[in-house]
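Undergrad: Below are the structure tokens for one structure; questions will follow.
The values are calculated or read from the model by the stated rules, or taken from the named source; none is laboratory data. Predicted model, so just to flag it, every value in this text is computed and none were measured. Backbone-built Cβ (ideal geometry, glycine too); neighbour counts: all protein chains shown. Quick note on the areas: whole protein, heavy atoms, side chains included, nothing else; ligands and nucleic acids left out. Shrake-Rupley method; radii C 1.70, N 1.55, O 1.52, S 1.80 Å.
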Amino acid sequence: MKLKIAIIASILFSFPLSLAALQGIRVDDSFDAQAIGLNVEYIEDKENTLSFDQVVKEERWTASNKESLNFGFTRSVYWFRFSLDTTGSALNHFLELTYPMLNHVEFYRPTGKGYRVFKTGNKYPFHEREIEDKNFVFRLNEGPGIHRYFLRIETSSSLNFTPILMSQNAYIHRNQTQMPIIWIYYGLMLIMLVYNFFIFIAGRDRGYLYYVLFIAAYILMQMSLNGYSFQYLWPNALWWGSFALPFFICVAITLAAVFMKQVIETKKLFRVVDKIFLYGVIVPGSAWAVCTLFVDYGLAIRGATALVGVLAVCLFGCVIYATIRNSRPARFILIGFGGLVAGIVIYVLKTFGVLPGMFIADWGVQIGSSLVVVFLSLALADNINVMRIKLSKLLDEQKEHEKTTIERAAYLEGIVGTAGTLSEEFISVSDRLQGITNRFTSLSMEQASTSEEMSATFEEFSASVETIYNSTISQKEEGEKSKNLVDVLNDAQKNLILENRKVEESIREIMGSATATGDSLRTMTDTMNTINAGGTAINQFIEIIDDISDRINLLSLNAAIEAARAGDYGRGFAVVADEIGKLAQATSDNSKEITKQITKIIADIESGTRIVFSTKESTDTILQLVHVIGSGFDLIREMMTKQNTALEVVIRQAEVIDRLSKEIVTSTNEQKNSMAQTQKIIDRLSQMALEITQSNDVIIDVSKLIQEKAQDLDRVIRTKE
């Protein structure tokens with residue numbers, strides 16, 4: 001540690017020009033308090049690589065031009081430096097950084113041998129702070145001279161603060177003036193919380209419950225934002241000390257929307273506004289409240305601050321719309337939450353570096369929340385006033401009701417007198433009604449008896465009609481069968497006549513063919529006789545040829561003899577004679593063969609002639625029979641013509657019977673339907689008679705009841721008299 005201090009001291013003493021170049025803040029005994037932002041220089045370390053030794057040597061410092069240092073949400077590390085000139089007096093002052101949500105703060109304070117580092121921030125337990133304050137406060141108690149101080153700040157929240165240099169008296173005065181205001185503010189919030197909680201317990205109005213929850217969430221959000229929750233509620237809960245702020249921001253805006261939704265009655269009066277509250281504010285606010293517990297703190301606080309700005313404007317617009325639509329609660333909410341929304345918007349603009357740090361930006365949320373409490377209290381008073389007005393109206397209405405009651409009592413006295421007269425008339429009327437009822441009962445019983453007799457008679461008649469109807473249906477069916485059979489017989493008769501005509505024509509053709517056959521047979525007989533005569537002539541020719549052949553053969557023999565006698569000269573003639581002999585022999589042989597064949601043919605012709613004669617005789621017999629059959633067919637045709645005429649008469653009679661049967665069936669069916677309808681009417685009459693009897697019983701009971709009530713009314717009236 002001593003070596004580190006010596007090195008830092010040697011570095012500082014080796015740069016006298018740099019120390020002289022920075023104008024120090026003049027501090028003497030008369031110094032009270034001052035924002036020193038304009039006297040601060042800074043370096044942005046984007047890569048987080050600079051060490052203190054390197055920062056001391058750096059020359060590229062940038063002077064601040066604002067009293068409030070605001071860099072918005074940044075991941076860079078910033079180094080700051082400033083100098084104090086305490087020549088002639090010793091320091092006994094304090095340096096305050098006014099934003100308590102910074103994560104890591106390192107303050108380098110000079111000592112006689114170098115620099116001493118003080119580390120703090122909301123990532124360190126609260127008890128490790130040099131001075132226990134909601135903000136980061138450092139003691140400055142160096143001796144006379146010019147002193148340079150360094151700050152290193154690294155945070156995932158918004159990097160914005162105002163460095164304030166205060167004397168000891170100013171610091172004590174600040175605490176004495178601010179702390180009472182702060183505790184009055186939180187006391188007021190707690191009083192309203194408890195007061196409205198007891199109102200909720202008494203009235204069970206959920207609007208008060210939502211209001212109590214909203215105030216509780218808002219108090220925790222404000223205490224987290226101002227550093228009081230880390231100081232008093234969870235000083236050692238480092239993780240929760242950081243994430244409590246974005247969580248309670250989302251919870252507070254969500255509960256505000258729930259409260260407005262309940263009080264303005266958007267579900268009943270403004271459906272569109274109700275959906276905007278639900279899906280535009282409550283759902284995203286609740287979802288991001290849960291997400292803040294699981295994401296990186298930088299993302300959580302950025303999302304929460306951006307979301308609350310958008311949702312606040314959305315809520316404000318919906319309240320304005322409800323106010324324009326004459327919603328009385330919306331007017332108070334608009335005035336109260338108007339200041340709060342303005343304070344939130346100013347705070348968001350300050351957080352993102354749009355506005356500088358100033359009183360209205362630092363305390364705008366507290367001022368706005370105070371307005372919310374005040375005007376919601378006025379709203380409660382207005383509700384009480386509205387209830388008083390309604391109670392006054394109810395009292396006036398009660399007086400009117402009492403006056404009306406007195407008038408009605410007098411009117412009822414007159415009605416009682418009239419009721420006495422009416423009761424006597426009721427008794428007389430009930431007696432007459434009793435006699436009419438008895439007569440009506442007798443008639444209804446007689447009607448029921450007559451209806452039952454008619455019903456029995458009609459049942460018998462219906463049974464007879466049913467039997468006739470069934471027999472007629474059977475007759476119709478049998479007639480249709482007979483007609484069908486006659487039709488079949490007629491068709492068969494017609495077919496038989498046709499076939500008879502075909503047979504007659506065939507017989508005629510046979511007779512013609514038989515006549516032609518007889519003629520052909522006679523022609524054939526003549527032809528065969530001619531052939532037979534020809535055969536006989538051929539036989540005679542063949543006998544002549546045989547005779548010639550014998551002579552040639554004899555001549556050939558003589559020629560051969562003569563050739564032999566002639567010797568050598570006769571050899572040629574011998575050959576010719578020999579050939580002639582052979583030819584004569586062949587001719588004789590062939591002639592004999594021809595004679596045999598012709599003889600056979602003549603025999604066959606004679607046999608055929610006999611067959612033809614026999615066939616001719618048979619054909620003549622067939623022709624005689626065919627003539628006899630033709631005569632019989634003429635008789636049959638005449639008889640079938642008569643039968644066909646008789647069948648046509650039968651068919652016409654069957655058609656007449658079928659038509660009459662259909663008419664009978666139709667008439668019987670109509671009669672049956674009429675009987676059924678009549679039966680229904682009789683049944684309905686019987687049912688009506690039964691209902692009349694039951695109604696008579698009811699009339700009798702009512703008459704008795706009227707008579708009893710009339711007697712009771714008469715007794716009551718007599719008692720009153």
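Undergrad: Look at Ser157 and say whether it is modelled with pLDDT of 85 or more and either open to solvent by 10 Å² or more (accessible area, probe 1.4 Å) or not aliphatic (A, V, I, L, M) (or both).
TA: Values: modelled with pLDDT of 85 or more: no; either open to solvent by 10 Å² or more (accessible area, probe 1.4 Å) or not aliphatic (A, V, I, L, M) (or both): yes.
For Ser157, the condition - modelled with pLDDT of 85 or more and either open to solvent by 10 Å² or more (accessible area, probe 1.4 Å) or not aliphatic (A, V, I, L, M) (or both) - is not met.
Undergrad: Say we look at region 179-227 and pick out the residues that are touching a residue at least 60 places away in the same chain (Cβ under 8 Å) and aromatic (Phe, Trp, Tyr); which of these is farthest from Ile249 (Cα to Cα)?
TA: That would be Tyr185.
Undergrad: Suppose we filter Asn470, Asn495, Asn500, Asn484 for residues that are in contact with a helix residue (DSSP H, G or I) (Cβ under 7 Å, 6 or more places away or on another chain) and either under 30 Å from Asp620 (Cβ atoms) or at pLDDT 70 or above (or both); which single one remains?
TA: One residue alone meets the criteria, Asn500.
Undergrad: Does region 33-56 contain any residue that is aromatic (Phe, Trp, Tyr), outside any loop (DSSP other than H, G, I, E, B) and at pLDDT below 85?
TA: No, region 33-56 has no match at all.
Undergrad: Pick out the one residue from Glu106, Glu96, Glu132, Glu128 that is among the acidic types (Asp, Glu), without any contact (Cβ under 8 Å) to a residue 12 or more places away in the chain and not assigned by the TED database to the domain that holds Trp240.
TA: On the way: Glu106 fails: without any contact (Cβ under 8 Å) to a residue 12 or more places away in the chain; Glu96 fails: without any contact (Cβ under 8 Å) to a residue 12 or more places away in the chain; Glu132 fails: without any contact (Cβ under 8 Å) to a residue 12 or more places away in the chain.
Only one candidate passes the filter, namely Glu128.
Undergrad: Right, something else. Take Ala603 and decide whether it is out of contact with any helix residue (DSSP H, G or I) (no Cβ under 7 Å at 6 or more places or on another chain), open to solvent by less than 80 Å² (accessible area, probe 1.4 Å) and not β-branched (Val, Ile, Thr).
TA: Working: out of contact with any helix residue (DSSP H, G or I) (no Cβ under 7 Å at 6 or more places or on another chain): yes; open to solvent by less than 80 Å² (accessible area, probe 1.4 Å): yes; not β-branched (Val, Ile, Thr): yes.
Spelling it out, Ala603 is indeed out of contact with any helix residue (DSSP H, G or I) (no Cβ under 7 Å at 6 or more places or on another chain), open to solvent by less than 80 Å² (accessible area, probe 1.4 Å) and not β-branched (Val, Ile, Thr).
Undergrad: Same structure again: Among the candidates Val319, Val308, Val273, Val313, which residue alone is free of Cβ contacts under 8 Å to residues at least 40 places away in the same chain, out of contact with any Gly (no Cβ under 6 Å at 6 or more places or on another chain) and not assigned by the TED database to the domain that holds Asn160?
TA: Val313 is the lone residue from the list that is free of Cβ contacts under 8 Å to residues at least 40 places away in the same chain, out of contact with any Gly (no Cβ under 6 Å at 6 or more places or on another chain) and not assigned by the TED database to the domain that holds Asn160.
Undergrad: Another question, if that's okay. Tell me whether region 619-641 contains one or more residues that are of a type in the set (S, T, N, Q), in contact with a Ser or Thr (Cβ under 8 Å, 6 or more places away or on another chain), open to solvent by 50 Å² or more (accessible area, probe 1.4 Å) and free of Cβ contacts under 8 Å to residues at least 40 places away in the same chain.
TA: No, every residue in region 619-641 fails to be of a type in the set (S, T, N, Q), in contact with a Ser or Thr (Cβ under 8 Å, 6 or more places away or on another chain), open to solvent by 50 Å² or more (accessible area, probe 1.4 Å) and free of Cβ contacts under 8 Å to residues at least 40 places away in the same chain.
Undergrad: So, restricting to strands (runs of 3 or more DSSP E) that lie completely within region 111-178, which ones have at least 2 residues that are in contact with a His (Cβ under 9 Å, 6 or more places away or on another chain) and over 19 Å from Leu69 (Cα atoms)?
TA: Counting at least 2 such residues, we get 136-140.
Undergrad: Could you grab the pairs with beta carbons closer than 6 Å, sequence gap of 6+ or different chains, first residue in region 44-57 and over 24 Å from His147 (Cα atoms), second one at pLDDT 90 or above and aliphatic (A, V, I, L, M)?
TA: These pairs meet every condition: Asn48/Val77.
Undergrad: Run down Ala304, Ala300, Ala217, Ala287 and say which single residue is over 24 Å from Leu97 (Cα atoms), in contact with a Phe, Trp or Tyr (Cβ under 7 Å, 6 or more places away or on another chain) and of a type in the set (A, V, I, L, M).
TA: Numbers: Ala304 fails: over 24 Å from Leu97 (Cα atoms); Ala300 fails: over 24 Å from Leu97 (Cα atoms); Ala287 fails: in contact with a Phe, Trp or Tyr (Cβ under 7 Å, 6 or more places away or on another chain).
Within the list Ala304, Ala300, Ala217, Ala287, the selection yields Ala217.
Undergrad: Can you list the helices (runs of 4 or more DSSP H) lying wholly within region 214-325 that have 2 or more residues being modelled with pLDDT of 85 or more?
TA: The qualifying helices (runs of 4 or more DSSP H) are 238-264, 271-275, 283-291, 297-324.
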